[in-house]
Amino acid sequence: IEFQRIELGLAQSDTNVLYAGYQAQNFNLNGASESAGVLFKTTNGGTTWTYLGSWDDGVPNYCASQCGYDNTLEVNPTNANDLIIGGNANYNQAVQSPLKNPTRINQKIVWAGMVYRSLDGGASWVDTTPHCNGYGGSIGNNSNGLPIHQCVAGRKDGVIHPDIQAGAYDPHNANRFYVVNDGGIMRATVS
């Protein structure tokens, strides 16, 4: 694996915890050689590292082939298990749900999946920028036999510009988060 840009996130509440997000070129993803974002974590100040995964392990494909340009990883200053990762838009029309061990495929509106949040140290993730509020019943199966569900309720409050280059928790309010992207600066309240 060729590693490109590396983004680090230090947990201020426990400086033994550090996360690293990489762009991995020529990463074997489902049998194909692709570019993907991969995550690692240390809980002992860098002595040893744990591979949290990539897209096929349940970590969102948050920056894919653009990690060298848009890749951010921020840790909540008051909680070492609360982190946000951001990158480019997930332009795929279909996304596994859940990401790890999927039971269905969700068809979606493009420009989702730019900022993800984990509250359990990277074990699971939530898309904070989804563009769909509801999915209808199955409209068929994909080639792996998983049912495909189509977006039936788009949402505008999750739409932000893609290409997230930086992020930061508000130093005065750990429930407020800022992202910097090609469209400017945006703020969200997280809880």
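The values are calculated or read from the model by the stated rules, or taken from the named source; none is laboratory data. As the structure is a computational prediction, the values presented were derived from the model and not from experiment. So basically every Cβ, Gly included, is an ideal-geometry build from the backbone, and we count neighbours across all protein chains shown. Remember, those area values only see protein heavy atoms, side chains included, never the ligands or the DNA or RNA. Shrake-Rupley method; radii C 1.70, N 1.55, O 1.52, S 1.80 Å.
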Net charge near Y69: determine it from the other residues with C-beta under 12 Å of the C-beta of Y69, scoring Lys and Arg +1 and Asp and Glu -1. -3
Total charge dipole magnitude, the chain, about the Cα centre, Cβ charges on Lys, Arg, Asp, Glu only, Debye to nearest 20: 440 debye
Tail fraction, Cα-Cα pairs, region 136-191, threshold 13 Å, whole percent: 71 percent
Options (i) 10, 36, 37, 15, 2; (ii) 8, 27, 31, 23, 9, 2, 0; (iii) 9, 33, 35, 19, 4, 0 for P(r) over Cα pairs in 10 Å bins from 0, in percent; the value derived from the coordinates is listed as (i)
If S54, S97, S138, S191 are ordered by their accessible area, calculated over protein heavy atoms with a 1.4 Å probe, which sequence runs from highest to lowest? S191, S138, S97, S54
Accessible area per residue, Å², region 91-191 with all protein chains present, probe 1.4 Å: 55 Å²
Roughly what % of DSSP beta bridges within the chain run antiparallel, to the nearest 5? 95 percent
Expressed in square angstrom to the nearest 10, the accessible area of I185 with a 1.4 Å probe stands at 130 Å²
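With the contact rule set at Cα under 8 Å and sequence spacing of 6 or more, what percent relative contact order holds for the chain?
15 percent
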Share of the chain's accessible area from carbon and sulfur, percent, 1.4 Å? 49 percent
Cα Rg, Dmax, region 96-191, angstrom units: 15.3, 49
Quick one: what are the phi-derived ³J(HN,Hα) couplings along region 167-183, Karplus 6.51/-1.76/1.60 with θ = phi - 60°, whole Hz, x for glycine and proline? x, 7, 7, 5, x, 9, 8, 5, 9, 10, 10, 10, 10, 10, 9, 5, x
